[in-house]
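Novice: Handing you a structure now.
The values are calculated or read from the model by the stated rules, or taken from the named source; none is laboratory data. Please read these numbers as outputs of a predicted model, since none were measured by experiment. Every residue, glycine among them, receives a Cβ derived from its backbone with ideal geometry; neighbour counts consider all protein chains shown. Remember, those area values only see protein heavy atoms, side chains included, never the ligands or the DNA or RNA. Shrake-Rupley method; radii C 1.70, N 1.55, O 1.52, S 1.80 Å.
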Amino acid sequence: MQNKTLHRNIFQRILGICATKKPSDESCWNFEEGKIIVDLARAPELAIVNGAIRLEAKEIPERVLVIQGDDGQYYAFQNRCTHGKRRLDPMPGMQQVQCCSIGKSIYNYNGKIISGSAKDDIRTYPVTVDNGKLVITL
Ligand code: FES
């Protein structure tokens, strides 16, 4: 599979501004007993292939990127590039996510580093779907 670059302009890359937004309804998720639970009915971003949200709050130990992948499955990643801690975005059609920074590190859905400045893999989290709820175990 040939690598390509997600389009971000140079200013976005320098400043590390990712394309993925926080959920439009921030109350669509909560964190309890080591699990993030996302109510899919209230997270329309995840209803489409390559839709994504980033979950960030002091209650969770790590920033998390959640995507619906090219294959229609859900994936959750530590949203902190192992090169310089910038955030990630999904790469439509590539089954990969890419760092928003200049180094453009790319990881596959298993978190394995594919290319870019990073040398280490990124952590991924198990995701299950239970009765309309996405359960991410941190
Ligand atoms: S911070 Fe991700 S490539 Fe540098």
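Novice: Using a cut-off of under 14 Å, list every residue of segment 10-33 whose amide N is near the label point 7 Å from the Cα of Ala57 along the Cα-to-beta-carbon line.
Specialist: Answer for segment 10-33: 22-33.
Novice: Based on DSSP H runs of at least 4 residues, each adding -39500 (n - 2.57), what is the mean residue ellipticity at 222 nm of the chain after dividing by all its residues, to the nearest 500 deg cm²/dmol?
Specialist: -1000 deg cm²/dmol
Novice: Packing-wise, with mean Cβ within 10 Å as the measure, how do 67-79, 42-54 rank, highest first?
Specialist: 67-79, 42-54
Novice: In addition: Excluding residues fewer than 8 places away in the same chain, name every one of the aspartates and glutamates whose C-alpha is closer than 18 Å to that of Lys21.
Specialist: Filter leaves Asp39, Glu45, Glu56, Glu62, Asp89.
Novice: Separation between the Asp130 and Ile114 pseudo-spin-labels, each 7 Å from Cα along Cα→Cβ, expressed in nm?
Specialist: The modelled label-to-label distance comes out at 3.1 nm.
Novice: While we're here: Restricting things to alpha carbons, find the Rg to Rh ratio for segment 10-137 using the Kirkwood radius for Rh.
Specialist: On the Cα set of segment 10-137, Rg over Rh gives 0.94.
Novice: Give me the net charge of Tyr107's neighbourhood, meaning all other residues with Cβ under 13 Å from the Cβ of Tyr107; Lys, Arg count +1, Asp, Glu -1.
Specialist: That sum, taken over residues with Cβ under 13 Å, equals +4.
Novice: Place the peptides 88-101, 108-121 in order of packing, highest mean first, counting for every residue the other Cβ atoms within 10 Å and averaging per peptide.
Specialist: 88-101, 108-121
Novice: Shifting gears a bit: Of all accessible surface on the chain at a 1.4 Å probe, what whole percent is carbon and sulfur?
Specialist: Solvent-exposed carbon and sulfur of the chain make up 50 percent of the total.
Novice: Here's another thing I want to ask about it. State, as an integer percentage, the relative contact order of segment 10-137 based on alpha-carbon contacts under 8 Å between residues 6 or more apart.
Specialist: Worked out over segment 10-137, it gives 23 percent.
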